[in-house]
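Structure first, commentary second.
The values are calculated or read from the model by the stated rules, or taken from the named source; none is laboratory data. Treat the numbers as computed from the prediction; the structure is a model and nothing was measured. When we count neighbours, we look across all protein chains shown, and the Cβ atoms used for this are built from the backbone with ideal geometry, even at glycine.
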């Protein structure tokens, strides 16, 4: 029996356990996905891109954060154009309706969490949807303290009127990426989303958020 191989495997499992950061599941599938990503990361190092400020020490984390902010603003700009001649005021309004249409009735908090927003902002959007007659609310059968929201016929009609432009806006956002690049981007963004969503769901106070995440996920200790 190759005991050195077993020792190497144990060491690899220990590394996996310390680095998985809730991104990978704690089973063989998660371990295999982690291994595959390590290989891909290694192979990609030789193709490290240039970026503005790199020669002055600007970190890849800074570039990623900035680009995500820029892309979000570009997307909002196209979304604004998509609803320019409608009764919708923001992309959040039709995003809420799309979620209700796609996933069916849900409570106010379920809908707010689905759209990754805080309660106060989400309630303002929901109240606007109700006022416009796009959404109706009723008492939840499971919890009488909660209200269940459902998209109305008017909501469906007004949403459908804008869907062509909304779809066009989403196509523009993906820009000049080819199919393979789109699939790679979905994988990378999904990985980031799986990392951040559980943190967001904890509703950690803003004052303690960064410190808490650094401690819990061992940032800066590699």
Query - Positions within the range 166-218 being within 23 Å of residue 37 (Cα to Cα) and touching a residue at least 60 places away in the same chain (Cβ under 8 Å), in sequence order - result: 191, 194, 195, 197, 198, 217, 218
Report task. Working only within the range 111-165, note down all residues that are closer than 14 Å to residue 91 by Cβ and either assigned to a strand (DSSP E or B) or in contact (Cβ under 8 Å) with a residue 60 or more places away in the chain (or both). Result -> 116, 159, 162, 165
Query raised in the report: Within the range 205-220, is even one residue surrounded by 14 or more Cβ atoms within 10 Å (Cβ to Cβ) and either closer than 27 Å to residue 127 by Cα or at pLDDT 95 or above (or both)?
Result: no
Query raised in the report: With (1) more than 17 Å from the chain's Cα centre (by Cα); (2) without any contact (Cβ under 8 Å) to a residue 60 or more places away in the chain; (3) not in a helix (DSSP H, G or I) as the list, and residue 88 as the residue in question, which single condition is left unmet?
Result: (2)
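Listed here are the residues, each with its yes/no results for (1) over 23 Å from residue 203 (Cβ atoms); (2) in contact with a strand residue (DSSP E or B) (Cβ under 9 Å, 6 or more places away or on another chain); (3) crowded, with 16+ Cβ neighbours inside 10 Å.
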position: 73; (1), (2), (3): yes, no, no
position: 77; (1), (2), (3): yes, no, no
position: 91; (1), (2), (3): yes, no, yes
position: 94; (1), (2), (3): yes, no, yes
position: 99; (1), (2), (3): no, yes, yes
position: 125; (1), (2), (3): no, no, yes
position: 133; (1), (2), (3): yes, no, no
position: 143; (1), (2), (3): no, yes, no
position: 159; (1), (2), (3): yes, yes, yes
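Looking at the range 145-157, which of its residues are over 26 Å from the mean Cα position of the chain (by Cα), surrounded by fewer than 16 Cβ atoms within 10 Å (Cβ to Cβ) and at pLDDT 90 or above?
153, 154, 157
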